[in-house]
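Right, one structure below, let's go through it.
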Amino acid sequence: MSKVAAPPLPRPPTTTAEAIAHGIRLHTVERRRLSDQITTELEKLVASGQIKAGDTLPSERELMVLFGVGRTSIREALFALQRKGIVLAQAGLRPVVTAPRAEAIVAELSGAVRMFLASELGAREFQAARRFFEPAVARFAAAHATPADVTNMAEALAACDEYASSPEQFVDADVAFHFAIVQATHNQLLITLHRAVLDWLREQRVSSIEPSGSIKAAQRAHRRVLEAIREGNPDRAEQAMIDHLNEVERYYWKVRSTSAAGKAPTAITHDRPSKSATIRRNAK
């Protein structure tokens, strides 16, 4: 009795078009919310490694044929992928798959975050999150900061002293000091998150004339944080940052309650660094 030959094993896809076609056969694209379905399918192919960073995707027309959908659905899917930092699409060129970047991941959250921060609950929860984040970063810096990292922090602190008589410039230097601490992690995601938090909180912060003594209080707190980091004392660095953030929050809510009562605001709180402070830090 003759043996029946087993069917040949399917050949793995070798091009991006074949990978997409293979994925479609495994997962039928639903006819509702087509662009979302296409986006999800392409994300899976990138995540699985079937499509890699640097690969060029098929043309819009080829993608229309592969997915069996119209041009609008393909364009919407490609726009969503570009917004997420998964592909780079330029006019007249085929989309190219890009390596994931922390900035793109965080940027995707920005719209929803700003809406959340518009409420008092959102502002308070972000401040609570900051109390978890920055003390932990200060603790890490005390244990792992390099001499170059500590020098960056000291330079930022010196800028705070230089601008102590100018509230707006002091705020810029103050934020640069906090940013120098998170840079000591050498973790791009943490650095990007910290930069984003400064940007998100900027929409809700009150910028006005600072109350008497607040700048001096902030500088005392900054020095305690830096001294603990320089000494390599994680416990002290963490507690110093907690105390500092608690003090900043008290100023902020005092100003907010005063403003709500119809009085002139009398405080200034941490804000995003201005171009002048950024230029100063980059020039070091």
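The values are calculated or read from the model by the stated rules, or taken from the named source; none is laboratory data. From a predicted model like this one, the values you see are computed outputs, not experimental measurements. A quick note on method: Cβ atoms are made from the backbone with ideal geometry, for glycine too, and the neighbour counts reach across all protein chains shown.
A few comments on the model shown:
The rows are residues; the columns are (1) farther than 22 Å from Glu18 by Cβ; (2) modelled with pLDDT under 90.
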| position | (1), (2) |
| --- | --- |
| Ala53 | no, yes |
| Leu57 | no, no |
| Arg61 | no, no |
| Val65 | no, no |
| Ile74 | no, no |
| Ala80 | yes, yes |
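- Search result, residues across region 1-51 that are modelled with pLDDT of 80 or more and either in a loop (DSSP other than H, G, I, E, B) or surrounded by fewer than 10 Cβ atoms within 10 Å (Cβ to Cβ) (or both): Gly49, Gln50, Ile51
- Among the candidates Val113, Val96, the residue that is of a type in the set (A, V, I, L, M, F, W, C) and either in the same structural domain as Ala173 (by TED's automatic domain parsing) or at pLDDT below 85 (or both) is uniquely Val113.
- The C-beta contact set for region 134-159 (first residue under 15 Å from Asp235 (Cα atoms) and assigned by TED's automatic domain parsing to the domain that holds Val197, second residue part of a helix (DSSP H, G or I) and of a type in the set (Lys, Arg), distance under 8 angstrom, 6+ apart or interchain) comprises Ala142/Arg236.
- Subset of region 52-90 (residues that are in contact with a strand residue (DSSP E or B) (Cβ under 6 Å, 6 or more places away or on another chain) and part of a helix (DSSP H, G or I)): Leu81
- Residue tally, condition in a helix (DSSP H, G or I) and surrounded by fewer than 18 Cβ atoms within 10 Å (Cβ to Cβ), over region 114-125: 8
- Any hit, region 227-241, residues being touching an Asp or Glu at 6+ places or on another chain (Cβ under 9 Å) and either among the β-branched types (Val, Ile, Thr) or modelled with pLDDT under 85 (or both): yes
- Residues located in region 126-181, provided they are at pLDDT 95 or above and basic (Lys, Arg): Arg139
- From the list Val46, Val65, the lone residue that is touching a Lys or Arg at 6+ places or on another chain (Cβ under 9 Å) and of a type in the set (A, V, I, L, M, F, W, C) is Val46.
- Scanning region 136-158 for residues being over 21 Å from Leu193 (Cα atoms) and not in a helix (DSSP H, G or I) gives a total of 1.
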